[in-house]
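Okay, so here's the structure we're looking at.
The values are calculated or read from the model by the stated rules, or taken from the named source; none is laboratory data. Remember, it's a predicted structure, so these values are computed and weren't measured experimentally. Using ideal geometry, Cβ is built from the backbone for each residue, glycine included, and neighbour counts are taken over all protein chains shown. Accessible surface areas use protein heavy atoms only, side chains included; no ligands, DNA or RNA. Shrake-Rupley method; radii C 1.70, N 1.55, O 1.52, S 1.80 Å.
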Amino acid sequence: MTDHCDSTGSPVLVALDWGTSSLRGFLMDEAGGVLAERSSPHGIQHLPQPGAAGFEAAFAALCGDWLSACPDLPVVAGGMVGSAQGWVEAPYVPCPADARSLADHAAWVEVADGRRLLIAPGVLYDPPDGAPDVMRGEEVQIAGALAENPAWAASACVAMPGTHSKWVRVADGKIVGFATHMTGELFAVLKNHSLLGRLMPAEGVASPQDEAAAFALGLDAARDGEPGALPHQLFATRTLGLTRRLPPEALSHYLSGLLIGHELTASLAMTRRVWPPELWPNGAPLLLIGDAGLCRRYARALDHFGATVTAQLGNTAPRGLFQFAAAAGLIAAAP
């Protein structure tokens with residue numbers, strides 16, 4: 001690690017993506033590149049011990065040697081570490097929000113050895129005509145995506161599949177609105193803790209043909225169904241198995257297609273409402289950020305719905321944390 005500190009391309013930042021179930025650390029160079037990466041299971045709900053001592057222990061275990069070798073490195077963190085259940089709460093920043101507003105409202109936490117960490121806040125969208133919505137961690141990923149391709153900053157739709165999927169509207173480099181869909185959590189609950197999962201085998205994999213057909217059947221049901229039909233359509237996950245219309249191994253794929261299809265139906269309708277016709281659906285890029293396999297599934301679904309994905313991105317959090325640190329004046333902006 002000392003070699004890193006003394007050589008060309010030496011580190012300038014330690015960036016932590018600290019979520020509920022895991023912690024990832026990145027040693028970053030002056031161009032925003034990742035020199036080294038580590039992960040641990042010590043998310044905020046799985047700390048080695050309760051309270052602040054647990055956060056300190058997890059932090060030291062992950063990157064203590066990095067900081068011993070390079071003691072002057074600034075440290076920033078994003079994700080659930082800044083929630084009310086985190087190390088220190090960094091309150092939500094209202095839309096419109098970008099890396100600068102995140103930096104302006106960040107929270108500091110001091111470690112026992114005197115080192116200070118800067119923690120990014122989440123973002124609040126509170127429209128006057130609707131329910132409030134929040135994100136924490138995704139705002140950092142969006143900052144990273146826009147840094148990697150500044151052309152997207154003018155106007156873009158960012159879909160972020162996951163446990164709680166986000167559909168985010170970007171304009172002039174800022175998050176201006178978003179909606180959260182509990183698609184992934186609903187799928188897990190219904191599959192593992194409801195009647196629907198009883199016909200789904202714990203083992204066994206559907207053939208590619210059966211998987212594709214079941215997924216498309218769920219998408220079609222969501223797209224073509226009457227408004228409010230989801231509770232009825234969900235029961236079809238069971239009856240399609242009971243009547244052998246679908247093999248047991250394919251039932252989870254029907255359920256996945258149904259839930260994703262309803263998410264897309266609502267989200268694509270939202271984009272048509274909030275974007276002028278000259279920008280949507282053909283003028284504004286549609287980006288997918290998240291797990292590669294899940295993004296591929298959403299890309300298939302979007303293609304089924306006639307929407308074209310501009311790019312599928314992986315983990316853009318490191319670059320977003322770099323932008324956050326630069327906006328806070330802790331490091332120089334990348335050239």
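With all protein chains present and a 1.4 Å probe, how do Lys191, Lys166 order by accessible area, largest first?
Correct descending sequence by accessible area is Lys191, Lys166.
Put +1 on the Cβ of each Lys and Arg and -1 on the Cβ of each Asp and Glu in the chain; which of Gly261, Val93, Leu16 then has its Cα farthest toward the positive end of the dipole?
Gly261
In whole Hz, with x marking every Gly and Pro, tabulate ³J(HN,Hα) for the range 49-55 from phi via Karplus 6.51 cos²θ - 1.76 cosθ + 1.60, θ = phi - 60°.
For the range 49-55, the Karplus curve yields 7, x, x, 4, 4, x, 4 Hz.
If I model a spin label as a point 7 Å beyond the Cα along the Cα-Cβ vector, how far apart are those points for Ala332 and Ala84 in nm?
Here the answer is 4.3 nm between the modelled labels.
So for Ser68, Ser21, Ser10, what's the accessible-area order with a 1.4 Å probe, most first?
Ser68, Ser21, Ser10
Can you grab the distance from the C-alpha centre of the range 305-335 to the C-alpha centre of the range 196-245, Å, no decimals?
36
How large is Rg over Rh for the range 8-129, taking Rg from the Cα atoms and Rh as the Kirkwood inverse mean of 1/r across Cα pairs?
0.99
So what is the orientation-averaged projected area of the range 110-163, using the convex hull of its C-alpha atoms, in nm²? It would help to have the intermediate numbers written out before the result.
Details: hull surface 26.0 nm².
About 6.5 nm², averaged over all directions.
When only alpha-carbon atoms are used, what values of Rg and Dmax, in angstrom, describe the range 179-310?
15.3, 48
Could you work out the Rg to Rh ratio of the chain, with Rh taken as the Kirkwood radius (inverse of the mean 1/r over all Cα pairs)?
Ratio of gyration radius to Kirkwood radius: 1.01.
Assigning unit charges at the beta carbon (Lys, Arg +1; Asp, Glu -1) and nothing else, what dipole magnitude in debye, to the nearest 20, does the range 207-313 show about its Cα centre?
100
What size of dipole, in debye to the nearest 20, comes out for the chain about its Cα centre when the only charges are +1 on Lys and Arg C-beta atoms and -1 on Asp and Glu C-beta atoms?
Dipole of the chain, to the nearest 20 debye: 960 debye.
When each pair of different Cα atoms in the range 57-152 is counted once in the 1/r mean, what is the Kirkwood radius in angstroms, to one decimal?
14.7
Return an integer: the convex hull volume of the alpha-carbon atoms of the range 164-212, in Å³ per residue. Can you show the working numbers first?
Numbers: hull volume 5.7 nm³, N = 49.
Considering the Cα atoms of the range 164-212, their hull volume per residue is 116 Å³.
Using helices alone, what [θ] at 222 nm do you get for the chain, with -39,500 (n - 2.57) per DSSP H run of 4 or more residues, divided over all residues and rounded to the nearest 500?
Values: 10 runs with 130 residues, N = 335.
Counting only the DSSP helices, I get -12500 deg cm²/dmol.
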